[in-house]
1. Look at region 113-129 and say how many of its residues are at pLDDT 95 or above and part of a loop (DSSP other than H, G, I, E, B).
2. Using beta carbons and a limit of 8 Å, which pairs, at least six apart or on different chains, have the first residue in region 1-29 and within 20 Å of residue 69 (Cβ to Cβ) and the second one of a type in the set (Lys, Arg) and within 13 Å of ligand 1 (Cβ to nearest atom)?
3. For region 26-83, name all the residues that are in contact with a Leu (Cβ under 9 Å, 6 or more places away or on another chain) and of a type in the set (Val, Ile, Thr).
4. Within 25 Å of residue 209 (Cα to Cα), in a loop (DSSP other than H, G, I, E, B) and touching a residue at least 40 places away in the same chain (Cβ under 8 Å), is that true of residue 41?
5. Which of the residues spanning region 129-147 are of a type in the set (Gly, Ala, Ser) and near ligand 2 (Cβ under 10 Å from one of its atoms)?
6. Which residues, taken from region 67-119, are under 18 Å from residue 138 (Cα atoms), of a type outside the set (A, V, I, L, M, F, W, C) and within 20 Å of the chain's Cα centre (by Cα)?
7. Can you go through 15, 61, 69 and tell me which one is within 14 Å of ligand 1 (Cβ to nearest atom) and over 29 Å from residue 178 (Cβ atoms)?
Amino acid sequence: AVKARFDKVTKRFGTGDNAVQALEPISLDIAENAFVCLVGPSGCGKSTLLNILAGFEKPTTGQALMDGTPVRGPDPRRGVVFQQGALFTWMSVRDNVAFGPLATGKPSAEAGRIADRYLEMVGLTAFAKRYPYELSGGMQQRVGIARALANDPEILLMDEPFAALDAQTRELLQEEIKRIWQSTRKTVLWITHSIEEALFLATDIVVMSARPGRIKARLAPQFALS
Ligand code: ADP
Ligand code: ADP
């Protein structure tokens, strides 16, 4: 089944002489349970494409769809993880993760149980009562991933979540995200400019090229996990 679809999506920023054509018509299907990596040089439109599916940006023409329904704005069914955690600094790790379930009306005891489950999944049970600033960059990204998963999204949209981390931490988290994906089979759209990361993680690799952004190739890695 198709989980998400870009249907002839274009994006133009600005007007007149200052206009930037960020995306040529992009049509792309993301299958349910796929792990799609979007790779390409800086400025080729990867974030713009992800932001359109997230509902943060509107396409200039065309549309993004989820389960056949046009995306109209942000929605907890699409979990987003950014390059830097974007965590609530004034909340404990556990409260950060419980925030989504609470906001969607779960009683606090249940929201807490959900938070504990995902903190365990990312190996941070011992840090539940800590605050984001007490954690390393890698640990903060783990909290971001737990927080996204706690909303039980239908798709995870991850914009270079490990880009700010050192090589060793990145490798560790790649292993973790692979394990989490293997156990949840959550549909993922993942941006990276590391082809190695894409080869390690993806069931599908979509290669983009710049000026203006378009899809250059689509590959199914030989060692696909699916
Ligand atoms: P990538 O994620 O592949 O690095 P982006 O999607 O961030 O690429 O950007 C694609 C193009 O659109 C770039 O030329 C960028 O400068 C431009 N762009 C992105 N966001 C904006 C914006 N808000 N206003 C104007 N131009 C933008
Ligand atoms: P990560 O690989 O998650 O970025 P680091 O490499 O910075 O973490 O740290 C390695 C280990 O050191 C962590 O898994 C954790 O057990 C411990 N650690 C890191 N930061 C802290 C902290 N602020 N308090 C206690 N232990 C920490």
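1. The qualifying residues number 2.
2. 26/214
3. Across region 26-83, the qualifying residues are 26, 30, 36, 48, 52, 60, 71, 80, 81.
4. Here the answer is yes, as residue 41 does meet what is asked.
5. Once the filter is applied, which keeps residues that are of a type in the set (Gly, Ala, Ser) and near ligand 2 (Cβ under 10 Å from one of its atoms), region 129-147 yields 136, 137, 138.
6. 83, 84, 85, 96, 118 - these are the residues of region 67-119 that are under 18 Å from residue 138 (Cα atoms), of a type outside the set (A, V, I, L, M, F, W, C) and within 20 Å of the chain's Cα centre (by Cα).
7. 15
A quick yes/no check of all residues on (1) under 28 Å from residue 3 (Cα atoms); (2) among the charged types (D, E, K, R):
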residue: 108; (1), (2): no, no
residue: 125; (1), (2): no, no
residue: 148; (1), (2): yes, no
residue: 179; (1), (2): yes, yes
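The values are calculated or read from the model by the stated rules, or taken from the named source; none is laboratory data. It should be emphasised that the depicted structure is a prediction, and the values quoted were computed from it without experimental measurement. Reconstructed Cβ throughout: ideal geometry from the backbone, glycine too, with neighbour counts over all protein chains shown. To get the accessible areas, we keep the full protein, side chains included, count just its heavy atoms, and leave off ligands, DNA and RNA. Shrake-Rupley method; radii C 1.70, N 1.55, O 1.52, S 1.80 Å.
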